[in-house]
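What follows is one structure encoded as structure tokens, with my remarks underneath.
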Amino acid sequence: MTNSLQWDESCVTGFLALDRQHGELVEGLKQLVTRVEAGAPSVELAGLIDSIEVLFLAHVVDEEWVMSWIDYPALAEHLEEHRAFIDHLEAIRRSAEASSLDRTVLSTVSGRVVAILRDHVADADRRVGEYAFRHALSG
């Protein structure tokens, strides 16, 4: 599962700060999946989830500012994807904190979050970058 999220050119938006943040999120999620699969204790997983949430929320503030600044027409839909990602992180937290921790379920949920982030960056975030650069060049 850890190899399902790789940083490559399909993840580049053209906004250096956002791209750096995406890379940090990728590494945090890869570490989380690795630790889940290794059977790390719930308290360790909760700390990793906290770190990912802090990174993600800081990233969201920056990314949403960029989208507002460029008057991105799909802003509302993009914000919904951000909220859904936070919901998925919370699902991982609930799984990790469950007294009858099922590692298979937790690994599956973590893997789903990895896939969601990968798809979001490669699709929705790239569209933001393409829109910004297309309009900067035409305006």
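Every number in this text was worked out from the coordinates using simple rules, so none of it is lab data. Since we're looking at a predicted model, the values are computed, not measured. So basically every Cβ, Gly included, is an ideal-geometry build from the backbone, and we count neighbours across all protein chains shown.
Put a plus charge on the Cβ of each Lys and Arg, a minus charge on the Cβ of each Asp and Glu, and nothing anywhere else: the dipole of the chain about its Cα centre is then about 280 debye. Put +1 on the Cβ of every Lys and Arg and -1 on every Asp and Glu Cβ in the range 14-138; which of Val60, Ser107, Ile92 then has its Cα farthest towards the positive end of the dipole? Checked the options; the winner is Ser107. Computed extension gain for Ser10 through Glu97, at 0.36 nm per residue and net of the alpha carbon distance, reaches 27.9 nm. Taking label positions 7 Å along the Cα-Cβ direction at both Asp119 and Val43, the computed distance is 3.6 nm, reported to one decimal.
Can you tell me, using C-alpha contacts under 8 Å and at least 6 residues apart, the relative contact order of the chain as a whole percent? Over the chain, the number comes to 38 percent.
Using only DSSP helix segments of four residues or longer, with each worth -39500 (n - 2.57), what per-residue ellipticity at 222 nm results for the chain after dividing by its residue count and rounding to 500?
After summing the helix terms and dividing by residue count, I get -25500 deg cm²/dmol.
For P(r) over Cα pairs in 10 Å bins from 0, in percent, the listed values are (i) 11, 40, 33, 14, 2; (ii) 12, 43, 29, 13, 3, 0; (iii) 11, 33, 24, 18, 11, 3, 0; which was obtained by calculation from the structure presented? Given (i) 11, 40, 33, 14, 2; (ii) 12, 43, 29, 13, 3, 0; (iii) 11, 33, 24, 18, 11, 3, 0, the calculated one carries the label (ii).
Peptides 127-135, 113-121 ranked from most to least packed, by the mean per-residue count of other Cβ atoms within 10 Å: 113-121, 127-135.
Using a simple spin-label model with pseudo-atoms 7 Å out from Cα toward Cβ, Arg112 and Glu64 lie 2.4 nm apart.
You can think of it this way: the chain between Glu130 and Glu80 has 16.0 nm of extra reach, that is 0.36 nm per residue less the Cα-Cα gap.
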